[in-house]
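Comments concern the structure below.
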Amino acid sequence: MADATIDGAPSGAGCLECSAAGGWWVHLRRCAACGHVGCCDSSPSQHATAHYRGSGHPVVQSFEPGEDWFWDYGADAFTNGARLADPQSHPVDQPAPGPAGAVPADWREHIH
Ligand SMILES: [Zn+2]
Ligand SMILES: [Zn+2]
């Protein structure tokens, strides 16, 4: 069995679980170990944290355009990491919150 795809591409342009369920997110985080893209803790479903809890992969990088910081859930602190495979973020024309068409008008009342 292959090891985690450390140099692998991100799982997609949006949160993996939200995209499957028709949900929406505020910002996106990319797992530095396997490329899973999940939604941030401000988002209704907090799938990036759920991925950390389920997989034991503690480090994510922001998947927002222009942001390159890493966060370590285990240490609850910013950290450093190697450059991951492209793309470095979701498409710049993809809105945040997103995805287009799925965000309710009262989205601010649903965030954490
Ligand atoms: Zn999500
Ligand atoms: Zn992962």
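None of the figures in this text is laboratory data; all of them are computed from the coordinates on show. Quick caveat: nothing in here was measured; it's all calculated off a predicted structure. Using ideal geometry, Cβ is built from the backbone for each residue, glycine included, and neighbour counts are taken over all protein chains shown.
May I ask you to verify whether G74 is part of a loop (DSSP other than H, G, I, E, B) and either within 16 Å of ligand 1 (Cβ to nearest atom) or surrounded by fewer than 21 Cβ atoms within 10 Å (Cβ to Cβ) (or both)? Yes: the conditions hold for G74. When the stretch 42-69 is filtered for residues that are of a type in the set (D, E, K, R) and buried (at least 17 other Cβ atoms within 10 Å of the Cβ), only E64 remains. Within the stretch 15-25, the set of residues being out of contact with any strand residue (DSSP E or B) (no Cβ under 6 Å at 6 or more places or on another chain), under 21 Å from D93 (Cβ atoms) and surrounded by fewer than 21 Cβ atoms within 10 Å (Cβ to Cβ) comprises S19, G22, G23.
Is it the case, given these coordinates, that H90 is in contact with a Leu (Cβ under 8 Å, 6 or more places away or on another chain) and assigned to a loop (DSSP other than H, G, I, E, B)? So H90 passes the test. State all residues of the stretch 28-51 that are out of contact with any Lys or Arg (no Cβ under 9 Å at 6 or more places or on another chain), within 13 Å of ligand 2 (Cβ to nearest atom) and not in a loop (DSSP other than H, G, I, E, B); if no residue qualifies, say none. Of everything in the stretch 28-51, those that are out of contact with any Lys or Arg (no Cβ under 9 Å at 6 or more places or on another chain), within 13 Å of ligand 2 (Cβ to nearest atom) and not in a loop (DSSP other than H, G, I, E, B) turn out to be R29, R30, C31, A50.
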